[in-house]
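S.K.: The structure that follows is given in the form of structure tokens.
Derivation of every value follows stated rules applied to the coordinates shown; laboratory data play no part. Keep in mind that what you see is a predicted model, and the values were worked out from it rather than measured. Here the Cβ positions follow ideal geometry from the backbone for every residue, glycine too, while neighbour counts run over all protein chains shown.
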Amino acid sequence: MDHGVTQAAAAGTIAIGGDLVVTRMGFGAMRLCGPGIWGEPANRQAALDVLRRAVELGVQLIDTADAYGPEVNERQIA
């Protein structure tokens, strides 16, 4: 089922640092942490499902920051 979903590749690609080519459509992971972007999410499985879906749609760049969690998103992505 596609539900009218657009793949990330539709946005084209861009080179980061001159040699790493990724899709222009990235995913901002800030809201996958707990309340106030701090701590573990209330539903870790739901957060992982969102990340997996982003990858299924072709997202190659997931934006995180050490201030989220802290380090919660990095562990979820790993």
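S.K.: Using the Karplus curve 6.51 cos²θ - 1.76 cosθ + 1.60 with θ = phi - 60°, what ³J(HN,Hα) values do you get for each residue of segment 27-38, in whole Hz, with x for Gly and Pro?
M.R.: So the J values, rounded to whole Hz, are 10, x, 8, 3, 7, 8, 9, x, x, x, 6, 10.
S.K.: Something else: Out of residues 5 or more away from G28 or on other chains, whose amide H comes under 5 Å of its own, with H placed 1.01 Å from N in the peptide plane?
M.R.: For G28, the qualifying residues are D63.
S.K.: Take the chain, drop everything but the C-alpha atoms, weight them equally and run the Debye formula without solvent; then report log10 I(q)/I(0) at 0.12, 0.25 Å⁻¹ to two decimals.
M.R.: Cα-only, vacuum Debye calculation for the chain: -0.38, -1.11.
S.K.: Return M25, M30 ranked ascending by Cβ neighbour count within 10 Å, so the fewest neighbours appear first.
M.R.: M30, M25
S.K.: So, one more: Between segment 22-37 and segment 51-67, what's the alpha-carbon centroid distance in Å?
M.R.: Each part reduced to its Cα centre gives a spacing of 7 Å.
S.K.: For a quick check: with amide H placed at 1.01 Å from N, whose amide H comes under 5 Å from G69's, ignoring anything fewer than 5 positions away on the same chain?
M.R.: W38, G39
S.K.: Applying a 10 Å radius around every beta-carbon, put 33-46, 10-23 in order of their mean neighbour count, most first.
M.R.: Taking the mean over residues of other Cβ atoms within 10 Å, the ranking is 33-46, 10-23.
S.K.: Amide H to amide H under 5 Å from T13: which residues, 5+ apart in sequence or cross-chain, H placed 1.01 Å off N in plane?
M.R.: R24
S.K.: For the Cα atoms of the chain, what angle does the longest principal axis make with the long axis of helix 44-56, in degrees from 0 to 90, nearest 10?
M.R.: Between the helix axis and the principal axis of the chain, the angle is about 10 degrees.
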